[in-house]
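Below is one structure; the comments refer to it alone.
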Amino acid sequence: MSTSTPLVHAVIDGTTIELAPGHSVAAALALLPPGCARTSVTGERRAPFCGMGICHECRVLVDGRQRLACQTLCTDGMVIDTRGQPQGGMP
Ligand code: FES
């Protein structure tokens, strides 16, 4: 009998990654250099900073909806987009 846990597959900006269940989207972003979550209004790439839902530097689109990467767990088949950020704040 196998005791291994199935890996989770997620797509980040078109690149498929696999990781163990329970990892946040922020952790998944860190696996792909440069590990950025979004682009600021001045064109700078931004990365998760506080890791606890305060700074909002980790905003990404997850399956088309804006989410905080540090507060979102990866699920199998998840599509994460760091480039197509909608304007405006979090819902
Ligand atoms: S890293 Fe600060 S809100 Fe996610």
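The values are calculated or read from the model by the stated rules, or taken from the named source; none is laboratory data. Model, not experiment: these values are computed from the prediction. Note that we place each Cβ from the backbone using ideal geometry, even for glycine, and neighbour counts take in every protein chain shown. Surface accessibility is based on the protein's heavy atoms, side chains included, excluding ligands, DNA and RNA. Shrake-Rupley method; radii C 1.70, N 1.55, O 1.52, S 1.80 Å.
Remarks
- Global dimensions of the chain from alpha-carbon coordinates: Rg and Dmax equal 13.2, 54 Å.
- Under 10 Å, Cβ to Cβ, from Ser40 - net charge with Lys/Arg +1 and Asp/Glu -1: +1
- Solvent-accessible area per residue for the chain (1.4 angstrom probe, square angstrom): 61
- Cβ-defined net charge surrounding Leu61, 12 Å radius [Lys, Arg +1; Asp, Glu -1]: +2
- Each 5 Å bin from 0 upward holds the following percent of the Cα-Cα pairs of region 44-88: 5, 24, 32, 26, 11, 2.
- Rounded percent of accessible protein surface that carbon and sulfur make up, the chain, 1.4 Å probe: 56
- Counting only Cβ charges, +1 for Lys and Arg and -1 for Asp and Glu, the dipole size of the chain around its Cα centre is about 260 debye.
- The calculated 222 nm mean residue ellipticity attributable to helices in the chain amounts to -1500 deg cm²/dmol, summing -39500 (n - 2.57) over DSSP H runs of n ≥ 4 and dividing by all residues.
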